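Structure first, then comments.
Read-outs throughout are calculated quantities, based only on the coordinates presented, and are distinct from any laboratory measurement. Bear in mind that the values here come from a model prediction, so they are computed numbers and not experimental data. With ideal geometry, Cβ positions are generated from the backbone for all residues, glycine too; neighbour counts draw on all protein chains shown.
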Amino acid sequence: MSKERIQISEALYDIMPSDYQDLVKSATYGKEDRGWKDIGTSKELIEQHSLCAGCPESMAFRYILASLPNPEDTVMVGSTGCTSLVFPMVAVHNIHSLFGNQNAIASGLKRALSVRFPGRVKDVVVLAGDGATVDIGLDMTLQAWFRQEKFTTICFDNELYANTGGQESGLMQKGFVAKMAPVGKLFDKVRLPEIARESGCHYVVNCTVSKPSLVEKVIRNAVHIAREIGPTYLQLYTPCILEIGKNSMEGLQEMRDSEKPAERFAYKEYVSEPAKQLLAELAAKDKERKAAAKQLAAQAQAN
Amino acid sequence: MAEIKSVIGTQNKKGQVYTDPWKMLHEAPRTPSFFTGSEVIKEAIRRASCDVMIAYPITPQSEAAALIGELFAEGYIGDYFRGESEFAVMSQCAGASFGGARVFTTTAGPGTMRAMENFPMWAGARLPIQMIVTCRGINSPLSIQPDTLEIAYLLNTGMLVWHAETAQDFFDWILKGYIVSEEPDVHLPLALCCDGFFVTHTKDVVNLTPTDMCLPPYDPYRSPVPCMDMECPPVRMMRDPFVMKSNYISYATHASWQQEIWAAVERSRKHTIHWLNGLVDTENTDADIVIVASGTAVSQGREAIRMLEDEGVRCGLVKVKALRPWPEEEIREATKNAKHIFVPEFNVTGWLAKEIRATVPNSQRVHAGPHVCGGMTMPPEIIVSEIKTTLGMKTFSLAGRGS
């Protein structure tokens, strides 16, 4: 969808919601190098959210939406949980249907869009919590990867069921005492990033969202690789400050503490050979584009 | 305004001509063909301009689902794959439908039950997916035999539910189903049910429309809700998601949407009557005794009526074609003269008899039976026997323990 498609008829302009007027005036749709730095200066693709104050998930949401390489042709798929409280306020088409079926929905959606728009880019991005991705939806998460479905799966890992009040999840750390784990969780945190690699994902990253520039990079890589090659998986630590007993301003520190070298969210990345090649090609093109822009700017200055 | 061009008369990539559906189904020449029900499903889908079909093996629909795969290999369908379970398949169908595709799938028995969470979601999201249900037992111990109990569970999902008697019904209704389902004032999924094996695995003469004619493609922009393809502006739909709110506005929103789904089922009535030539078919409803049935129980009822006629007992017949929308007025009218209403069924609970009891005045006239279940056949003799026993007539003794 081009930006022209969302223009407002002059006669109706004043009765359109201000959100929508802003979207038309100053969205970064179509901007090639959009990224986290647009936050606060351009129309963001997420409005207010009803998450807890200081929730790292809300930061992650903003970084991701600012970093999608092609939001004007991206459809997102969510699932039940805290993320589903945010999606109604997101300015790209998004689907919530049931709990845990997000990768099945995305499989059908991506195929339908490929049938209907051959030769055009239509990215599909799944964004769901760890309960949806690893517990109730694990079957569909893995099967989509086995089938090499061409979309990105993002898991907001807060290591528990946050929306229902802090119950044990498969991605919870061993020994953590929570609802439904009254004597502490008895088994290890499920190693989904490794499983993702073995299941055929071409790009797997395990990290926190403490650094927006890093989130921007991995989102762009994941979406480009999924578009051209096959499934990609990002596991992002978005701690539930409420359920681990932190205050609103402590989310960022919690992420920083958890990404230290020996910690469970130390940056880990896997890139398949074809994906490496694609990233190199994209980097070369990007370099070329920047050099050309620089040259143009220099010429303009000389004139 | 851009000129709106009709696709009617143009060709698809297989050389089939997009044809006005009414002309294709009512005026085009028909060729009698001797096919199994599964093959008939394939032939209907060949002409249905489907974008996506998603398959999963479960008896007795596996053959039909695999035959659709052949259509994909031949280039008649945009995409096709085997999902990992019925729950996943129905979600994959939803994803494809959200993305604006015309979607087809098939399931049966335990598969229908496994997928059940999806069906109210399909209806609530206004996805006009067509699902063939080749009914089979859902009980434990495991059974693969014909049994229509699963239909009872579909009746309150908000889906349209039709019950085919024959392979010919199947052929016509698959095509007509898409027309009704995709009407902007309906836009709901359709469960097109049949009795597994009896219809899917038996051969019958079916009159087919020409292979070089097909339905016009689905137009997702006629949908009453936005298609999720980022081809129309992504409007922020609400300030706070209603799932979180315990207040009147939230309740009222959910309530009015549920009411709208059922209003859409109601609005499908006029289209269904138009395309199926009525929600019911009736014969001799001036008789004192009327058999009301759906699916292959209609065929058995028809045979029982012929046998009773030989003995001087006159019976009428009501074939219920659509279960949702429910033909309330039609059944009342067709049974108004009846002193006895018999409802033969292939399931243990008698869900059709319960629906009819709740519909007609003087419901003590409704005899819920005979019932067979677990895969047992329903010889017309047991219908005859049930009717004669009720009338106080002497009847032969059916197989029993002996005496």
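Listed by chain and number, the aspartates and glutamates whose C-alpha is less than 19 Å from the C-alpha of A:Lys43, apart from same-chain residues fewer than 8 away, are A:Glu4, A:Asp14, A:Asp19, A:Asp22, A:Glu32, A:Asp33, A:Glu72, A:Asp73, A:Glu216.
Compared with the dominant Cα axis of chain B, that is its longest principal axis, helix B:248-276 is turned about 70°. Computed from the C-beta positions of A:Lys217 and A:Arg5, the FRET efficiency with R₀ = 22 Å rounds to 0.15.
Each Lys and Arg contributes +1 and each Asp and Glu -1, all at the Cβ; summed about the Cα centre of segment B:17-222, the dipole is approximately 100 debye.
Remark: the Cα gyration tensor places segment B:53-173 in the rounded category, a/c being less than 1.5.
Across peptide A:93-103, the average count of Cβ atoms from other chains found within 10 Å of a residue's Cβ is 6.
Starting from the Kirkwood Rh over alpha-carbon pairs, what translational D in µm² s⁻¹ does segment B:185-232 have by Stokes-Einstein at 25 °C and 0.890 mPa s?
Taking Rh from Cα pairs, D becomes 162 µm²/s.
Just from its helices, what would the mean residue ellipticity at 222 nm be for the protein assembly as shown, if runs of 4 or more DSSP H residues each count -39500 (n - 2.57) and the sum is divided by every residue, rounded to the nearest 500 deg cm²/dmol?
Theoretical 222 nm ellipticity from helices: -11000 deg cm²/dmol.
In terms of packing, defined here as the mean over residues of other Cβ atoms within 10 angstrom, the peptides B:325-331, B:28-34, A:184-190 line up highest first as B:325-331, A:184-190, B:28-34. Dividing the alpha-carbon radius of gyration of segment B:17-222 by the rule-of-thumb value 2.2 N^0.38 Å gives 0.93. Legend: distances between Cα atoms for A:Lys174/A:Lys211; A:Lys37/A:Lys211; B:Lys23/B:Lys270; pairs beyond 23 Å are A:Lys174/A:Lys211. Amide H contacts under 5 Å for B:His367: B:Ile341, B:Phe342, B:Val343, restricted to partners 5 or more places along the chain or on a different chain, H placed in the peptide plane at 1.01 Å from N. Taking chain A as a Gaussian network, where each spring joins two C-alpha atoms under 10 Å apart, which residue of A:Ile195, A:Ile219, A:Ile229 fluctuates the most? Among A:Ile195, A:Ile219, A:Ile229, the largest GNM mean-square fluctuation belongs to A:Ile195. Can you find, among B:Ala65, B:Thr105, A:Phe187, the residue sitting farthest towards the positive end of the charge dipole of the protein assembly as shown, where Lys and Arg contribute +1 and Asp and Glu -1 at Cβ? My answer, from the dipole projection, is A:Phe187. For segment A:71-78, putting each phi into the Karplus relation 6.51 cos²θ - 1.76 cosθ + 1.60 with θ = phi - 60° gives couplings of x, 5, 9, 10, 10, 9, 10, x Hz, in residue order, rounded to whole numbers and with x for Gly and Pro.
Under the definition of partner shielding as Cβ atoms of other protein chains within 10 Å of a residue Cβ, what is the mean value for peptide A:17-30?
The shielding value for this peptide is 1.
Projecting the Cα atoms of A:Phe176, A:Ile154, A:Ala300 onto the charge dipole of the protein assembly as shown, computed from C-beta unit charges around the Cα centre, puts A:Ala300 farthest toward the positive end. Across segment B:227-232, coupling constants 3J(HN,Hα) worked out from phi with the 6.51/-1.76/1.60 Karplus curve, θ = phi - 60°, read 6, 8, 10, 6, 10, 9 Hz, and Gly and Pro carry x. Each principal axis of the Cα cloud of the protein assembly as shown was taken in turn, and the coordinate range along them, longest first, works out to 104, 67, 50 Å. Here the dipole of the protein assembly as shown is about 880 debye; that uses its Cα centre as origin and unit charges on the Cβ of Lys and Arg (positive) and Asp and Glu (negative). Note on B:Asp212, A:Asp130: ascending count of other Cβ atoms within 10 Å places them as B:Asp212, A:Asp130, the fewest first. Across the alpha-carbon set of segment B:281-322, the Rg to Rh ratio works out to 0.96, Rh being the Kirkwood radius.
Counting every alpha-carbon pair across segment B:280-390, the share separated by more than 21 Å comes to 25%.
Look at the stretch A:86-92: the mean tally of other chain Cβ atoms within 10 Å of its residues' Cβ atoms is 4.
Relative contact order for segment B:280-390: what is it in percent, counting Cα pairs under 8 Å that are at least 6 residues apart?
Relative contact order here is 30 percent.
Across segment B:160-201, Cα pairs under 8 Å and at least six residues apart give a relative contact order of 55 percent.
Here the protein assembly as shown carries DSSP beta bridges of which approximately 25% are antiparallel, counting only pairs with both residues inside. Note on chain B: with a GNM built from Cα contacts shorter than 10 Å, the maximum mean-square fluctuation among B:Phe342, B:Phe81, B:Phe119 falls on B:Phe81. The charge dipole of segment B:308-403, taken about its Cα centre with unit charges on the Cβ of Lys, Arg, Asp and Glu (plus for the first two, minus for the last two), comes to roughly 220 debye. Paramagnetic label reach from B:Lys388 (point 7 Å along Cα→Cβ; backbone nitrogen cut-off under 14 Å): within segment B:286-317, residues B:304-314. Using every pair of distinct Cα positions in chain A, the Kirkwood expression returns a hydrodynamic radius of 20.2 angstrom. Taking amide hydrogens as placed 1.01 Å from N in the peptide plane, the amide H of A:Ala178 sits under 5 Å from those of A:Gly184, A:Lys185, each at least 5 positions away in sequence or on another chain. Sorting B:Asp185, B:Asp310, B:Asp79 from the fewest to the most surrounding beta carbons within 10 angstrom yields B:Asp310, B:Asp185, B:Asp79.
By the beta-carbon count within 10 Å of each Cβ, the least crowded to most crowded order of A:Lys3, A:Lys287, fewest first, is A:Lys287, A:Lys3. Relative to the current alpha-carbon distance between B:Leu142 and B:Phe34, full extension at 0.36 nm per residue lengthens the span by 35.7 nm. Considering only B:Gly78, B:Gly350, B:Gly312, the mean-square fluctuation computed in a Gaussian network model of chain B, springs between alpha carbons under 10 angstrom, is largest for B:Gly312.
Counting other Cβ atoms within 10 Å, which GluC sites (Glu not before Pro) in segment A:5-111 have at most 13 and lie in a DSSP loop?
A:Glu32
Relative contact order for chain B: 17 percent, from Cα pairs under 8 Å spaced at least 6 residues apart, divided by residue count. Using every pair of alpha-carbon atoms in chain B, split the distances into 20 Å bins beginning at 0 and state the percent of pairs per bin, rounded to integers. Once binned at 20 Å, the Cα pair distances of chain B give 26, 55, 17, 1, 0. Here chain A carries DSSP beta bridges of which approximately 20% are antiparallel, counting only pairs with both residues inside. DSSP assigns beta bridges within chain B; of those with both partners inside it, close to 30 percent run antiparallel.
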